Structure formats: structure tokens, C-alpha cells
Amino acid sequence: MSAPTVPVVTHIDETGRYRVGADLSWTVVGVYVVLAILLVLILPRSTVTVWGLVVILVLLLFFLARYLSTAYWIDSDYLTAFRLAGGRRVRLEDVRRIEAASLRELSPTGFFGSWGYRGRMWSPRIGDFDSVQTSTKGILVYAGPIPLYITPKHQEEFLRELSRRVRSYRGPLEVDHGAPSAPDDGSA
């Protein structure tokens, strides 16, 4: 009988920080780029309209840069969800629950929630939560009064690493999808 294989964590930098980008949709990036190209191509010669379209183009490029800049890292004390003009840091010792989640299951309300400065959304299931996300399948981290929803690449690996680091502070959590004994099927 062979020993069980332990997954190798590959995203740890020289300082011991686990870093990973967001789960990006190249369709979303393509839509941003196509819209920007269309705006540049239809820029009329009227100065009033040109300024309006330039403002829209700058905002569009800002939101694209913000989308592409989304990243997550875990160091010895914090989980950091980063994006331009907004993000959130969570102390690992404050995390009480980690679970796989879907934005669709949370049924958030509010069209601008993920675009707002803090990404604050509301769900009938959990109430207010912060969202630093780029897709619909992600991780819900309960820490402090407001949970955090994130969508890192390599979610199973990220869940295991976050769970391991949080358990080093607190011991077992009430819900811990990333624990070695937790199911690996993506269910919460």
C-alpha cells in the first residue's frame, strides 16, 4: 500500500508568501478591448462629444486594469485580496470559517456591487459581504463582521493553503472546506 500523495504547493515565493492571480475570463477582457476599440473608432470630431467619449474610454480602461490587477496572497498573518482602488486584508487569526461558494448561490443584489470601491454586496443568505472577485465560482471567508468572497486561480490549492495557515492560529474551524479531511468535490 502506497502512502497518500500530498499536493505540492507551487505558488509560494521566497518570503513564504503564497501568491496567486484571480481566475480571469478572457471573454471579459476581450469585451473590454473590443469596447475600447469601438470607442476609439467612433470618436466624433465634435469637442463636446469627444470629451465625453474620452471620459468613457478612460473609465473603461480603468475598469479593465482593475479587473486584470486582481490578485490574492497569504502571508504569515494576513489574507490579502488586492485590486486597483480597493481590496481587503483579513487577519488569519480572525478567520472562523472557509467554504467554497458560488456568486450565483449567494444571489447578491445590486448591479454595481463588484465594481464599487469596496465591492460591498448583499445576499439574502448571508447578509452583507465584500467581493474582490472576477468570476462566479470562488471562496467565502468568514472573518470579522463582513465575510469576503474571492476567486483565486487554483482554488482547491488555495483553499488547502489558506486552511492550513488559519488552522495554525486557531486549530480546526467550524466549516473548513480546505482541510485535509474535507471533501474535494467543490461542495461547501
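The values are calculated or read from the model by the stated rules, or taken from the named source; none is laboratory data. Everything numeric in this text was worked out from a predicted model, so none of it was measured. Every residue, glycine among them, receives a Cβ derived from its backbone with ideal geometry; neighbour counts consider all protein chains shown. In case anyone asks, the SASA skips ligands and DNA or RNA and just uses the protein heavy atoms, side chains included. Shrake-Rupley method; radii C 1.70, N 1.55, O 1.52, S 1.80 Å.
For the set Thr136, Thr80, solvent exposure ranked by accessible area (probe 1.4 Å, protein chains only) runs largest to smallest as Thr136, Thr80.
The residues His11, His177, sorted by heavy-atom accessible surface at 1.4 Å with ligands and nucleic acids left out, run His11, His177 from largest to smallest. Across all Cα atoms of region 117-166, the radius of gyration (one decimal) and Dmax (whole number) stand at 11.3, 30 Å. For region 10-106, the carbon plus sulfur part of the accessible surface works out to 66%, probe radius 1.4 Å.
Accessible area per residue (1.4 Å probe, heavy atoms of protein chains only) ranks Glu157, Glu14 as Glu14, Glu157, with the largest value leading. Among the trypsin sites (Lys or Arg not before Pro) within region 24-86, those in coil by DSSP and having at most 16 neighbouring Cβ atoms inside 10 Å are Arg45. Cβ-Cβ distance of Arg164 and Ser25, R₀ of 25 Å, FRET efficiency by 1/(1 + (r/R0)^6): the value works out to about 0.30. Here's how it looks for Ser131: its modeled amide H is under 5 Å from those of Arg120, Met121, Tyr149, which are all 5 or more places away or on a different chain.
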